[in-house]
Amino acid sequence: ETVDGRSRGAGRMSGGRLISLLALATTSTARFSASAFSSPICNASALIHKRLVSSDTKLAMSSEVDKAKDAAAAYKSSDADGAGPATAFDNILSGKWPSDKVYEDDTALAFRDINPQAPVHVLVIPKIRDGLTKLSCAREDQEALLGHLVYVAQSVGKKECPEGFRLVINDGEHGAQSVYHLHIHVLGGRQLGWPPG
């Protein structure tokens, strides 16, 4: 149909084509700054992409929180000796499961996280748990071990992330701890945001 001799869609984009372009723009792996383009289509696609990334991040965080809640329930229901249930780290330490080791000595092991949250994500753990299921369970006689673990973590961080890094220890359910064997996350390889949680 025409208006004044022009097609109704002339000079405008059809709704279907606009949706197709927005879908293409939001699924593209390239990232563009919305301010770099004046087109409403580019601005809209940048907004949709931002919302999708934010949604994916919230889903990942929710998944980690769910894992932490499940782990906390398993920890609370395990035997009363404070040792906690067996963990994935037990399988790594025994050699049953492989790991990408970054550092190892008599008391500490550092290996790459299988679900990295940054380009560099290394876990530093004590080789013998000895009740160190979480940081809040540390005893006075474990002070030297805790210092050694932090020293190992900073050594790994300096080597792997010369521009800077972050150390994280999750403690308990509200701290989103999903493995009840004390571990220090070494995160870096990109600019980290603040606040972290």
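The values are calculated or read from the model by the stated rules, or taken from the named source; none is laboratory data. Here the structure is a predicted model, which is why all the values come from computation and not from measurement. Positions of Cβ are generated from backbone atoms using ideal geometry, with glycine treated the same way; all protein chains shown enter the neighbour counts. Remember, those area values only see protein heavy atoms, side chains included, never the ligands or the DNA or RNA. Shrake-Rupley method; radii C 1.70, N 1.55, O 1.52, S 1.80 Å.
Computed values, structure above
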| quantity | calculated |
| --- | --- |
| Which listed residue, of F165, F111, F89, is under 23 Å from V65 (Cβ atoms) and of a type in the set (F, W, Y) | F89 |
| Members of segment 161-175 that are open to solvent by 30 Å² or more (accessible area, probe 1.4 Å) and within 22 Å of A88 (Cβ to Cβ) | L167, V168, I169, N170, D171, E173, H174 |
| Answer residue from segment 96-114, given it is surrounded by fewer than 12 Cβ atoms within 10 Å (Cβ to Cβ) and within 21 Å of the chain's Cα centre (by Cα) and is farthest from G188 (Cα to Cα) among those | P98 |
| Sole residue being among the hydrophobic types (A, V, I, L, M, F, W, C) and in a loop (DSSP other than H, G, I, E, B), chosen from L149, L167, L145, L182 | L182 |
| Options E173, E140; residue that is of a type in the set (D, E, K, R) and free of Cβ contacts under 8 Å to residues at least 40 places away in the same chain | E140 |
| Set Q142, Q117, Q154: member being polar (S, T, N, Q) and either open to solvent by 50 Å² or more (accessible area, probe 1.4 Å) or within 22 Å of E64 (Cα to Cα) (or both) | Q117 |
